[in-house]
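J.: Mind looking over this structure? Questions follow.
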Amino acid sequence: MIKVGIIGATGYAGGELVRLLKGHKDAEIVWYGSRSYIDKKYADVYRNMFQIVDAKCLDDNMEELAEQADVIFTATPQGFCASVISEAILSKTKIVDLSADFRIKDVKVYEKWYGIEHKSPQFIEEAVYGLCEINREQVKGARLVANPGCYTTCSILTAYPLAKEGIIDMNTLIVDAKSGTSGAGRGAKVPNLFCEVNENMKAYGVASHRHTPEIEEQLGYASGEEVVINFTPHLVPMNRGILATEYATLKKQVTYKEVKEIYDQYYKDETFIRVLDEGVCPETKWVEGSNYVDIGFQIDPRTNRIIMMGAIDNLVKGAAGQAVQNMNLLFGLPEEEGLELVPMFP
């Protein structure tokens, strides 16, 4: 049985980790860490866990937790994991960090986009970017996994095969994405109040969203060139889900069949990626509550562009589900363990 500790267990991603791990036959949660709710019963914070979780919330003492847990999930704000991680901790346990602290290899880029000093740059190089479908083998031998962001998971996987095969002009790539409000976290913020969000849709972080360099870096690895994109996120009045619509100019004329064969070449054996049938567009409703990524595309011969579309649940494949998927790889378990979740409908 894998002993699991969670720091940030009372945030939305942390709460989703608890939900998923309670259904994982090989994992036991030994530490529900939450600085805001120390000594409060976890089920009093999340009432859906009444008579399911009897434990109380503990602090965020990583050194003590490392003595008890085989793996620690840090579902914490940017900067926390980097400020507490040490060689002593990594020698005792594995860490799956859900923040951006170790996703970006260039520390200067991280500090520019996140506006904070990186406290542990010595661990950046060894950290493995935990996008399982792309870095599966590297994850298996890691001590420190940088769990990808939600927008980035959807955006990268949607375009990755075509970037890798050199089908699209990377200089023309535009990513237009929409997210449910849970992506903004559980903290009280005026822009996330019901009256602000309901019956409304808005762009934010225009030309400045901090997931931009993460998408650029990973698609740069795929395409073998420097990638600079326009990425525009939008907030929509729903709880969960991300829909990314991506536009790029084709480098050559291709047919639907040729593009479909490329996607199938990369994803046909991937349990959690579903390449949809011709003419079917992804919808967030069809992946809600699951670890699936639904991908579709449409070629526009009039403009010589391809429109790529992807949908995920931002709290599952975009956060906690992907983290559990990484844990399964770390411990040699079937990748699907605890994640064979049928999407909820309605």
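J.: Could you please let me know if Cys154 is out of contact with any strand residue (DSSP E or B) (no Cβ under 9 Å at 6 or more places or on another chain), within 24 Å of Ala13 (Cα to Cα) and of a type outside the set (Val, Ile, Thr)?
T.: no
J.: Can you give me the ranges of the helices (runs of 4 or more DSSP H) entirely in the stretch 2-114 with at least 1 residues that are touching a strand residue (DSSP E or B) at 6+ places or on another chain (Cβ under 9 Å), in contact (Cβ under 8 Å) with a residue 12 or more places away in the chain and hydroxyl-bearing (Ser, Thr, Tyr)?
T.: 42-45
J.: Among the residues of the stretch 308-346, count how many are among the small types (Gly, Ala, Ser) and under 12 Å from His24 (Cβ atoms).
T.: Start the filter on the stretch 308-346 by keeping residues that are among the small types (Gly, Ala, Ser), which leaves 310-311, 318-321, 323, 332, 338.
If we keep only those that are under 12 Å from His24 (Cβ atoms) as well, we get 320-321, 323, 338.
Count: 4.
J.: Hey, could you check the stretch 184-226 for residues that are touching a Gly at 6+ places or on another chain (Cβ under 9 Å) and part of a helix (DSSP H, G or I) and say which is nearest to Arg103 (Cα to Cα)?
T.: Restricting attention to the stretch 184-226, the residues satisfying the condition of being touching a Gly at 6+ places or on another chain (Cβ under 9 Å) are 185-187, 192, 210-212, 214-215, 223-224, 226.
Retained after the next criterion (residues that are part of a helix (DSSP H, G or I)): 192, 212, 214-215, 223.
On the way: Asn192: 26, Thr212: 12, Glu214: 7, Ile215: 10, Ser223: 18 Å.
Selected residue: Glu214.
J.: Here's a follow-up. Considering every residue within the stretch 163-177, establish whether at least one is surrounded by fewer than 22 Cβ atoms within 10 Å (Cβ to Cβ), in contact with a helix residue (DSSP H, G or I) (Cβ under 6 Å, 6 or more places away or on another chain) and assigned by TED's automatic domain parsing to the domain that holds Gly205.
T.: yes
J.: I'm trying to understand the selection: among the residues of the stretch 139-156, which are in a loop (DSSP other than H, G, I, E, B) and of a type in the set (S, T, N, Q)?
T.: Asn147
The values are calculated or read from the model by the stated rules, or taken from the named source; none is laboratory data. Only a predicted model underlies this, so the values are computations on that prediction, with no experimental measurement involved. So basically every Cβ, Gly included, is an ideal-geometry build from the backbone, and we count neighbours across all protein chains shown.
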